[in-house]
Amino acid sequence: MMDELKSSLYLITNPKEAKPGELVAALQALDDHVKTSSAEIHPRLLHFLQKRSYQKAWTWLHGGEPEKGTCGK
């Protein structure tokens, strides 16, 4: 599952490298993972995915510390 999440996040955060239809498929795959596998996803990553903070999710998955946002927390 993590490889699929990373692949989808890569395409979304690098849209110039996506082929026609790949962005839509990547967004749908992330939405599906959030709906069906939320119990298996780390809570912080799940938060980023639910808020569609894809750059933050990508950064966090690669060991970085995403900038704080304005989600109210």
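Which one of Val24, Val34 is closer than 19 Å to Pro66 by Cβ and β-branched (Val, Ile, Thr)? I'd like the intermediate steps shown before the answer.
Values: Val24 fails: closer than 19 Å to Pro66 by Cβ.
Of Val24, Val34, the one residue that is closer than 19 Å to Pro66 by Cβ and β-branched (Val, Ile, Thr) is Val34.
Across segment 31-73, what is the number of residues that are of a type in the set (Lys, Arg), in contact (Cβ under 8 Å) with a residue 12 or more places away in the chain and under 16 Å from Met2 (Cα atoms)?
Taking segment 31-73 first, the residues of a type in the set (Lys, Arg) are 35, 44, 51-52, 56, 68, 73.
With in contact (Cβ under 8 Å) with a residue 12 or more places away in the chain added as a condition, the list becomes 44, 51, 56.
Those left that are additionally under 16 Å from Met2 (Cα atoms): 44, 56.
The qualifying residues number 2.
Given the criterion touching a Cys at 6+ places or on another chain (Cβ under 8 Å) and not basic (Lys, Arg), identify the matching residue among His33, His62, His47, His42.
Details: His33 fails: touching a Cys at 6+ places or on another chain (Cβ under 8 Å); His62 fails: touching a Cys at 6+ places or on another chain (Cβ under 8 Å); His42 fails: touching a Cys at 6+ places or on another chain (Cβ under 8 Å).
Every option except His47 fails the conditions.
Can Gly63 be described as surrounded by 11 or more Cβ atoms within 10 Å (Cβ to Cβ), out of contact with any Gly (no Cβ under 7 Å at 6 or more places or on another chain) and not in a helix (DSSP H, G or I)? Give the steps one after another, and end with the answer.
Numbers: surrounded by 11 or more Cβ atoms within 10 Å (Cβ to Cβ): no; out of contact with any Gly (no Cβ under 7 Å at 6 or more places or on another chain): yes; not in a helix (DSSP H, G or I): yes.
No.
Mind checking whether some residue in segment 50-62 is of a type in the set (Lys, Arg) and at positive phi? If you could, list the steps in order and put the result at the bottom.
So in segment 50-62, the residues of a type in the set (Lys, Arg) come out as 51-52, 56.
Filter once more, so that each one left must be at positive phi: 52.
So far as segment 50-62 goes, yes, one or more of its residues are of a type in the set (Lys, Arg) and at positive phi.
So which residues in segment 30-46 are part of a helix (DSSP H, G or I) and buried (at least 17 other Cβ atoms within 10 Å of the Cβ), if there are any at all?
Start the filter on segment 30-46 by keeping residues that are part of a helix (DSSP H, G or I), which leaves 30-40, 43-46.
Hits for segment 30-46 are Leu30, His33, Leu45, Leu46.
Write out, first by first residue and then by second, each pair whose Cβ atoms fall under 6 Å of each other, whose residues are 6+ apart or on separate chains, and whose first residue, in segment 2-21, is surrounded by 14 or more Cβ atoms within 10 Å (Cβ to Cβ) while the second is part of a helix (DSSP H, G or I) and polar (S, T, N, Q).
Partner pairs satisfying both residue conditions: Thr13/Gln55.
What number of residues within segment 17-30 satisfy the criterion of being within 18 Å of Met1 (Cα to Cα) and among the small types (Gly, Ala, Ser)?
Summing the residues that are within 18 Å of Met1 (Cα to Cα) and among the small types (Gly, Ala, Ser) in segment 17-30 gives 3.
None of the figures in this text is laboratory data; all of them are computed from the coordinates on show. Since the structure is predicted, the reported quantities are computational estimates derived from the model, not experimental observations. Please note: Cβ atoms are built from the backbone with ideal geometry, for glycine as well, and neighbour counts cover all protein chains shown.
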